[in-house]
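Reviewing the structure listed below.
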Amino acid sequence: MKGPASLNRLTIIGVGLIGGSLARALRKWGSVGEIVGSGRSSSHLQRALELGVVDRYELDPAEAVKGADLVVVAVPVAATYTVLQSIAPHINKKVVVTDVGSVKGSVVSDAESALGDRFGRFVPGHPIAGVEHSGVEAAFSTLFVDRKVILTPVEGTDGDALEVVEGLWETAQARVMIMGVTEHDRILAATSHLPHLLAYLLVEHLDSQEEGETLFDLAAGGFRDFTRIASSDPTMWRDVSLTNREALAEWMESYRKRLEQVIDDVRAGRGEQLQALFTKAKRARDRYFPPDEGLE
């Protein structure tokens, strides 16, 4: 444990679900003198101010980072370069900068290009937490409790900057993991990016059918559970899919080949193969995610 985060001024660029929840968590468990918000929408930032998530806000990120000890960039991954480029001339060499993006390869490349000699103070991060709702009104202080946060420092990352960001997330009650950039992007493509794409695709496909309204009217709990994440922010997931497209496409191809095998088994009436599939999948899920007590 690095101990509770103690900051004179924290700047959060992108005060939505993740940025807002982090601010609330630090107010609850940490020591923060002032939280400054920044973003594109004055109405959203005003709402964050009204909710007590931030103490003040600036529409211009360059103004928001002045005097900050730590800057958290919580914007869609495709916007990372633009944000970092805009703030680079306005942060001193001691300021620590981190992000919360779901893809790390593109973010690291963008940060190195945009920050120049300040790149060593940048710590790539990704909290494995969230809900299907977005925006500051959905933010809550316990979002990160006992959830994993993956940090992907690179060769040039300053050790003390890494410690600051570790302390930040531990203060929010998260469990910090250190991982390589490539490994992170490949794993998250399989466990997060592919499931989101499949959920979106299933909903879109059924909705486009002539009997779409009837299909959704008769959809039960299993369908709702499987497609819950299709209510997530489309812009964010467009950016994630594009910036991690190589790893995602590899998993999509692998999944497509397996799906084609299952289609053949269904058409041919191969009950033993289907039984084996369902049994193997159930055992794996129950092993990694034990069912709730009393769940049948």
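Taking the range 199-282, which GluC sites (Glu not before Pro) meet the DSSP loop condition and have no more than 13 other C-beta atoms within 10 Å?
Working: sites: Glu204, Glu210, Glu211, Glu213, Glu246, Glu250, Glu253, Glu260, Glu272; in loops: Glu210, Glu211.
For GluC sites (Glu not before Pro) across the range 199-282 that sit outside H, G, I, E and B with at most 13 neighbouring Cβ atoms in 10 Å, the list reads Glu210, Glu211.
Pairs Lys148/Lys257; Lys66/Lys93; Lys148/Lys280: which are spaced more than 20 Å apart, C-alpha to C-alpha?
On the way: Lys148/Lys257 31 Å; Lys66/Lys93 12 Å; Lys148/Lys280 27 Å.
In this structure, Lys148/Lys257; Lys148/Lys280 exceed 20 Å between Cα atoms.
Give me the number: length gained by fully extending Arg256 to Lys282, i.e. 0.36 nm times residue separation minus the C-alpha to C-alpha distance, one decimal in nm. Can you show the working numbers first?
On the way: separation 26, 0.36 × 26 = 9.36 nm, distance 2.03 nm.
In short, 7.3 nm is gained.
At most 13 other Cβ atoms within 10 Å and a DSSP loop assignment: could you name the trypsin sites (Lys or Arg not before Pro) in the range 1-68 that fit? Could the numbers behind the result be given before it?
Details: sites: Lys2, Arg9, Arg24, Arg27, Lys28, Arg40, Arg47, Arg56, Lys66; in loops: Lys2, Arg40, Lys66.
Answer by residue number: Arg40.
Which of rounded, prolate, oblate describes the range 6-179, given a ≥ b ≥ c as roots of the alpha-carbon gyration tensor eigenvalues and a/c under 1.5 marking rounded, otherwise prolate only if a/b is larger than b/c?
Working: a/c = 1.42, a/b = 1.15, b/c = 1.23.
Verdict is rounded for the range 6-179.
Which of the three applies to the range 183-288, rounded, prolate or oblate, going by the alpha-carbon gyration tensor with a ≥ b ≥ c and a/c under 1.5 meaning rounded?
Verdict is oblate for the range 183-288.
Return the equivalent ellipsoid semi-axes of the range 1-105 as a descending list in whole Å, where each equals the square root of 5 times an eigenvalue of the C-alpha gyration tensor. Don't skip to the end; give the middle numbers.
Details: eigenvalues 67, 55, 40 Å².
Semi-axes from the Cα gyration tensor: 18, 17, 14 Å.
Taking 22 Å as R0, compute the FRET efficiency from the Cβ-Cβ separation of Ser109 and Ile187 and round it to 0.05. Don't skip to the end; give the middle numbers.
Values: r = 19 Å, r/R0 = 0.85.
Efficiency computed from Cβ-Cβ geometry: 0.70.
How long is the gain from Ser208 to Asn8 if the chain were fully straight, where each residue apart is worth 0.36 nm and the alpha carbon distance is subtracted?
Numbers: separation 200, 0.36 × 200 = 72.00 nm, distance 5.20 nm.
Separation in residues times 0.36 nm, less the Cα-Cα distance, equals 66.8 nm.
Work out the charge dipole of the range 133-216 with +1 on the Cβ of Lys and Arg and -1 on the Cβ of Asp and Glu about the Cα centre, then indicate which of Leu188, Val176, Ser208 is farthest towards its positive end.
Val176
What's the angle, to the nearest 10 degrees (0 to 90), between helix 234-243's Cα axis and the longest principal axis of the chain?
Compared with the principal axis, the helix lies near 90 degrees.
In Å, what Kirkwood hydrodynamic radius results for the chain from the alpha-carbon pair distances? Walk me through the intermediate numbers first.
Numbers: mean 1/r = 0.0481 Å⁻¹.
For the chain, inverting the mean 1/r across all distinct Cα pairs yields 20.8 Å.
Shape verdict for the range 128-202, please, from the Cα gyration tensor: rounded (a/c under 1.5), prolate (a/b greater than b/c) or oblate.
Values: a/c = 2.70, a/b = 1.27, b/c = 2.13.
Oblate is the answer for the range 128-202, as a/c is 1.5 or above yet b/c matches or exceeds a/b.
When the chain is fully extended, how far beyond the present Cα-Cα distance does Ala268 get from Gln173, taking 0.36 nm per residue of separation?
Details: separation 95, 0.36 × 95 = 34.20 nm, distance 5.10 nm.
Going from the current span to full extension adds 29.1 nm.
Each reported figure results from applying straightforward, stated rules to the coordinates on display, with no laboratory input. All values reported here derive from a predicted model rather than from experimental measurement. Because the Cβ atoms are built from the backbone with ideal geometry, glycine has one as well, and the counts that use them run over all protein chains shown.
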